[in-house]
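Peer 1: Shown below is the structure under consideration.
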Amino acid sequence: RMLNALTEHQFQSAQFLAANNYAVLNDELGYDKFDQTSAAIGFIAKKGSIKSALLISDNTRITEYWSASLKSYAKELKVKKIEPGSTKKLKGNSVIWCLDINDIGKVELKEFDKLDLIILDELVNLKSASAQLDQLVTNSQPDYIWMLSAIINEKAVKKYLNEFEFSEKVSFNIFGSSLKYIQA
């Protein structure tokens, strides 16, 4: 039912994410990927495939877009913001942890318990933190890694993925469209 509220393209994107453990959704800038990603998270959580997730994005996107979308499409999961400097271990079931990319260097990576899903929002915003992201993914060994990007050039996306060591260990599937195609 959560997927029924999506447009046809959003449904295809959500279906793509839910069907792939390692995926890059690269819909063009201006076509928000929040609802289809949140619906896919809700779907695989309901299916029992994940119990915990980490969303890495910038604080503005988390506050203005992700929070509402996750509340609408992934209702069974609690959304919690990670505050840098917190000394408690981040663990729990039925939780989506949100981390501002600007805080990744301020968080002890050993604080993360096992994560089932890591969502890396807007690849171009994450480049400066590639070493920390590599360490985070290597330490937590998630079953799912989803990357979101506005770059619709598959060759450029693959080149970008090569900057992450963890991408050498898994094979990413890529899906996405331009606004021109989506609006046609």
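Peer 1: Just the accessible area per residue of the chain, please: how many Å² with a 1.4 Å probe?
Peer 2: 50 Å²
Peer 1: Which pairs, out of K80/K169; K75/K155; K81/K155; K47/K106; K80/K155; K51/K106, put more than 32 Å between their alpha-carbon atoms?
Peer 2: From K80/K169; K75/K155; K81/K155; K47/K106; K80/K155; K51/K106, over 32 Å: K75/K155; K81/K155; K47/K106; K80/K155.
Peer 1: Which of Q141, H9, N125 sits farthest toward the positive end of the charge dipole of the chain, with +1 on the Cβ of Lys and Arg and -1 on the Cβ of Asp and Glu?
Peer 2: Result: Q141, furthest along the dipole toward the positive end.
Peer 1: Between S49 and T7, what length comes free when the chain is fully extended (0.36 nm per residue of separation minus the Cα-Cα distance, one decimal in nm)?
Peer 2: So the chain would gain 12.7 nm between S49 and T7.
Peer 1: Moving on. Just to verify a number: FRET efficiency for A156 and E83, C-beta to C-beta distance, R0 = 22 Å, to 0.05?
Peer 2: 0.05
The values are calculated or read from the model by the stated rules, or taken from the named source; none is laboratory data. None of these values were measured; they are calculated from a predicted model. Positions of Cβ are backbone-derived with ideal geometry, glycine not excepted, and every protein chain shown enters the neighbour counts. Just so you know, the surface numbers come from the protein's heavy atoms only, side chains and all, with ligands and any DNA or RNA stripped out. Shrake-Rupley method; radii C 1.70, N 1.55, O 1.52, S 1.80 Å.
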